[in-house]
Amino acid sequence: MSIWMIIVVVAYLCIIGYLGFRGYKTTKSATDYMLGGRQVHPYVMAMSYGATFISTSAIVGFGGAAGVFGMGLLWLTVMNILIGIFIAFWVFGGRTRKMGLRLDAHTFPELLGRRFQSKFIQGAAAVIIFMFIPLYASAVLTGAVKYISSQLSMDYNTALFIFSVIIALYVIMGGIKGVMYTDALQGTIMLFGMLALLILTYTKLGGVTAAHQSLTDMAHLVPAKLQAGGHQGWTSMPKFGAPLWWVLVSTIIMGVGIGVLAQPQLAVRYMTVKSGKELNRAIPIGGVFIMMMTGVAFIVGALANVHFQQTVGKVAIVAAKGDVEAIIPMYLQSAMPEWFSILFMLTLISAAMSTLSSQFHVMGTSLGRDLVEESMGRKQKGGGVLATRAGVLLGILISVYLSYIMELKFGKTGTAIVARGTAIFFGLCACAFLPMYVGALWSRGITKAAAIAGLLSGSLSSLFWIMFVQEKASTALLVCSKLFGTRSLAIQLVDGKEVFAKTGPMVWAFVDPLIIGLPIAIVATVLVSLFTKKTAAAHLDFCMGKKK
Amino acid sequence: MLGIADPWVALAYLLCIVSALLCLVWGIIKWNQDDPETEPEEEIRQWAEEEDRVGEEL
């Protein structure tokens, strides 16, 4: 570790500390603590949304996945920009902001609860968030701390402790203002880091077309196991309907691409700005930001194959000894100049901190505001800020405990469970909240009972799929193998060999929970709406601004 | 195209750039434009602040 690295890290932490303190000084009410007083600048809002969305795992984990799957992952970037930013801000953002204001909602569960006049919905949504987000947070935390401890030559537990305490301080004290100010700075650092990475990579490999061509020419080097799964080269999509095609399209592209719309920690950001103008201004900032994050990570991840082939005569996944997450760090170490490692370390610390701070904040508001204050009716002084701060602290403790104990106690199994955290949370949120959220914003016909039916059927069906069918998750979670003696109900053992259940092109064990849970939740929501008591017209007029 | 073998992947590559440009152009055109459906937002905002204040005092 060089003296420069220490100086840069200390300076970075001082600025983060200052921004957190600024958030603290300007936070006076519950609206300040939860929504930044609904007056947040569009640059801060867009960068905060983007930086929260993009964690270390989006860069290192998914970048590594691009090293395996190739540039087909760029479809996820297209989804991220078009759905995650453009549709999200333009279509969802404006309505969410207005309805949130009319209903005086402070959190995502509160918006849904008040729209459907149901304390149960607010409470249940809060429970889902509070139960599952620690797993997502510990996935991000574990990844970040591993990277930091290796870069700064620190012990894993010491790094975990210091890193968590810093985030805890500015989230608990500064509320969403502390979170969003620091996010904006972190997002800006991430932007420079990724831009430098893209330019350096293309320059090194002889330019855009030459780099891609070298990757295309390596198609015959795809390892046999990947070829058997349908891999056709790093600049081609996998064979339609093959296992790798399902993983790429259903889990990576659709699961994450659509799942982003119903993420509570992201949706709450629309309510932090003053008017529709700010949302429009946030679109270009967010769009370019996301392209520079996932787009660059996927291009560089795929092109790492060319670098490793030229230097060590191996493709990326073989050079990384099968560890997908090691591809990007190894590439940086062997291909990038030394000054870049400092910039990139800050980029990754920023990516992790910005995601974590929002996760902790949303855990706190779920517990403090949604569960204790509203759902259980225990009103307190300050609109639930105290309970929210306690909730943030509890959420942090659970996440840190998970990051600490999982690897220590369960070894590789623990790591595998934590690694599934991001995908599990994304899928679960989409199935549980998306139909109800869309209904809340646009439909006068979706009833309270229907919203509850969608919430329960979506969350339960996706949880079932996660625990018992989707092989990646069910293998890691172990519940299926303990109960039924097989790692997935869609895999049968025939003469000691695994046979995957299929229906047409559907290889069930590789289908993402979203593909199953979301349609079930939509059908349940629509069907129950047909037979249950309609919401009072006056309430609907109020929510939707008297528009029939 | 661009040295990419599969037209679907090349399309994704181009769409990344095009969609980011779309966001950029959209933002520039709509820079000063609020939502078309105008409503007395200040009133609602004041009401929401009042609600918060009452709630916190309680």
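Taking 22 Å as the cut-off for C-alpha to C-alpha distance, list the pairs among A:Lys98/A:Lys448; A:Lys28/B:Lys30; A:Lys239/A:Lys321; A:Lys314/A:Lys497 that go past it.
Pairs exceeding 22 Å: A:Lys28/B:Lys30; A:Lys239/A:Lys321; A:Lys314/A:Lys497.
Among the trypsin sites (Lys or Arg not before Pro) in the range A:436-526, those placed in a DSSP loop whose Cβ has at most 16 other Cβ atoms within 10 Å are A:Arg444.
Roughly how many debye, to the nearest 20, is the charge dipole of the protein assembly as shown about its Cα centre, given +1 on each Lys and Arg Cβ, -1 on each Asp and Glu Cβ, and no other charges? Walk me through the intermediate numbers first.
Values: 45 positive and 33 negative charges, 151 e Å.
My answer is approximately 720 debye.
Inter-part distance, the range A:214-252 to the range A:135-197, computed on C-alpha centroids, equals 33 Å. Here, P(r) means the percent of Cα pairs in each 20 Å bin from 0 to the largest distance; for the protein assembly as shown it is 21, 56, 23, 1. Hydrodynamic radius of the range A:348-404 by the Kirkwood approach over all distinct alpha-carbon pairs: 11.7 Å. The trypsin sites (Lys or Arg not before Pro) of the range A:260-365 that meet both conditions, a loop assignment by DSSP and at most 12 other Cβ atoms within 10 Å of the site Cβ, are A:Lys321. With helices as the sole contributors, chain A gives -22000 deg cm²/dmol at 222 nm; each DSSP H run of n ≥ 4 counts as -39500 (n - 2.57), and the sum is divided by every residue.
Every number here is computed from the coordinates shown, using simple stated rules; none is lab data. Predicted model, so just to flag it, every value in this text is computed and none were measured. Cβ coordinates were reconstructed from backbone atoms using ideal geometry, including for glycine residues, and neighbour counts include every protein chain displayed.
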